[in-house]
Amino acid sequence: MATTMQSAERQLIFIPGPGMGHIVAAVEVAKLILNRESRLSITFLLIKDSQVDQYIHSLQISANQRLRFINLPEVELEPGSSTKLPPLLASQHINRHKPLVREALLAITKSEETRVAGFIIDMFCINMIDVANDFKIPSYLFFTSSSAFLSMWLFFQSLTDDHGEDITEFKNSDKEFLIPGFVNPVPAKVMPSMMLDKNGGSELVVSSARRIRETRGVFINTFQELESTAIKDLSDSSGKIPPIYPIGPIINLNTESENPDSIISWLDKQPSSSVLFLCFGSQGSFIEAQIKHLATALESSGRRFLWSLRWRKPDKKAAETTDSTSPDEILPKGFLKRTSGIGKVIGWASQVAVLAHPAIGGFVSHCGWNSILESLWFGVPTAAWPLAAEQQANAFQMVVEMGMAIEIKMDYRNDINDEIVVGAGEIERAIDRLMADEDADGMKKKVKDMREKSSRALMEGGSSYRFLGCLIHDIMHNTMPQGS
């Protein structure tokens, strides 16, 4: 990466969505592109997100002349916006950055040495296409969920626009859908709540899907061997969907130093494949009643466990979580003492570093797409316990479509206004099945096989390696003249 910005022949502008998962994946994609094409440079335009400030700071320290990070000025939330749905609020907040992105892009394109070949937009920043269009720059979408979920998204947009359906009527129904990219009928109960929301959520989902069709191409954090059916269906759309580039799995593997020594040293003392790891993402949390049932299941199972515990206090909204600094106050009385010989309760942990440890034999996950890819990369079998967003659809894909996970509760929703509590017995049965030595349904073998395929996809000659080459070839033919 020694080429200077001045001598680079093409530049990409990347706008990642807010949130750690989106930004980390975007940076890893940028590194892949730069390592493959020495004539490219990439500039990130970053929307302020206090939860990732430390990570952004580390990026800026390691930046170079081919990989730059520009912080956009902070934009205040719109008055009265706190009453809106979080996804609607986030979308409107991102849209308020358009003038700032336009100004930054104008400054970049004024340079006679800089020719912008593409505008890469996160799935949550889709309306930034307007800015790219103003400068006559082709847009590419970076889709951080699965190909199957992209297919679902576009299916419901078509159902609305081409067939006049009101998809919000399917909420809480027993309706099943034959969706391209899925082999089995997909029940409405695993659709994202946002997709079926009557208060603006569904409208936002549909309008975003329309805009996806405007892009020059969509590159996805997945790989052909994992989602062959969905990728084929998206690619065979007769031009109705932009070209699809599955270039994953995109995983940040440089996280070994992020975990406290106490976690790794504890894992080092456990037998191989003996520990159940429970982690529900950076935002995943439970109410007290659910935590007590989960603790009871863990204790009763007698399995070794490492539990990244986060909970919601009774007076807090769903999005406000607290780390497990004082787990005694939320766990059953005496739980920590009784399980001290087999378990460890922790706060935040680097999920990748834990999954990479040979002591880990099973993973209870919220089924965020990044978490699924990480578990497959390390060959760790998963029990699906989705909480929100598209996680129920991901769980359906893993459990029903692929047979590479077992179900705890596939249609569970972490809604503070109406939260179902999964009983200890149901949880314990899933844990026992996940951690059992036998592999009656072949699930563990499938996961092990996919581990090999995921690494081969990224190697020279692998499917994702080839698709990345095709993407770069397209980008290198998109050079705009200067001074737009």
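To keep it simple, each residue is scored yes or no on (1) within 20 Å of residue 228 (Cβ to Cβ); (2) touching a strand residue (DSSP E or B) at 6+ places or on another chain (Cβ under 9 Å).
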residue	(1), (2)
363	no, yes
369	yes, no
396	yes, yes
405	yes, yes
409	no, yes
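Scan the range 168-190 residue by residue and report those that are within 20 Å of the chain's Cα centre (by Cα) and assigned to a helix (DSSP H, G or I). Scanning the range 168-190 gives a single hit, 190. Against the list (1) at pLDDT 80 or above; (2) charged (D, E, K, R); (3) more than 18 Å from residue 124 (Cα to Cα), the condition residue 53 fails is (1).
How many residues does the range 56-80 contain that are at pLDDT below 80, touching a helix residue (DSSP H, G or I) at 6+ places or on another chain (Cβ under 7 Å) and loosely packed, with under 14 Cβ neighbours inside 10 Å? So the count comes out to 2. Does the range 108-118 contain any residue that is modelled with pLDDT under 95, assigned by TED's automatic domain parsing to the domain that holds residue 46 and over 29 Å from residue 28 (Cβ atoms)? Yes, that holds for at least one residue.
Considering 250, 241, 263, 220, the condition of being crowded, with 18+ Cβ neighbours inside 10 Å and in contact with a Phe, Trp or Tyr (Cβ under 6 Å, 6 or more places away or on another chain) is satisfied by 220 alone. Starting from residues that are within 20 Å of the chain's Cα centre (by Cα) and among the acidic types (Asp, Glu), keep the ones in the range 212-236 and report whichever is nearest to residue 148 (Cα to Cα). Checked the range 212-236; the qualifying residue nearest to residue 148 (Cα to Cα) is 227.
This table checks each residue for (1) buried (at least 17 other Cβ atoms within 10 Å of the Cβ); (2) of a type in the set (Val, Ile, Thr).
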| site | (1), (2) |
| --- | --- |
| 172 | no, no |
| 190 | yes, yes |
| 196 | yes, no |
| 202 | yes, no |
| 207 | no, no |
| 213 | no, no |
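Within the range 191-200, the set of residues being under 17 Å from residue 396 (Cα atoms) and either part of a loop (DSSP other than H, G, I, E, B) or of a type outside the set (A, V, I, L, M, F, W, C) (or both) comprises 191, 192, 193. Of all the listed residues (174, 197, 233), the sole one being within 24 Å of residue 410 (Cα to Cα), acidic (Asp, Glu) and in contact with a Ser or Thr (Cβ under 8 Å, 6 or more places away or on another chain) is 197. Of the set (1) in a helix (DSSP H, G or I); (2) at pLDDT below 90, all apply to residue 18 but (1).
Of 165, 203, all but one fail to be of a type in the set (Asp, Glu), without any contact (Cβ under 8 Å) to a residue 12 or more places away in the chain and assigned to a helix (DSSP H, G or I); the exception is 203.
Based on this model, can you work out whether residue 228 counts as farther than 30 Å from residue 208 by Cβ, at pLDDT 95 or above and either out of contact with any His (no Cβ under 7 Å at 6 or more places or on another chain) or among the acidic types (Asp, Glu) (or both)?
no
The values are calculated or read from the model by the stated rules, or taken from the named source; none is laboratory data. Note that this is a predicted model, so its numbers are computed, not measured. All Cβ positions, glycine included, derive from the backbone under ideal geometry; neighbour counts span all protein chains shown.
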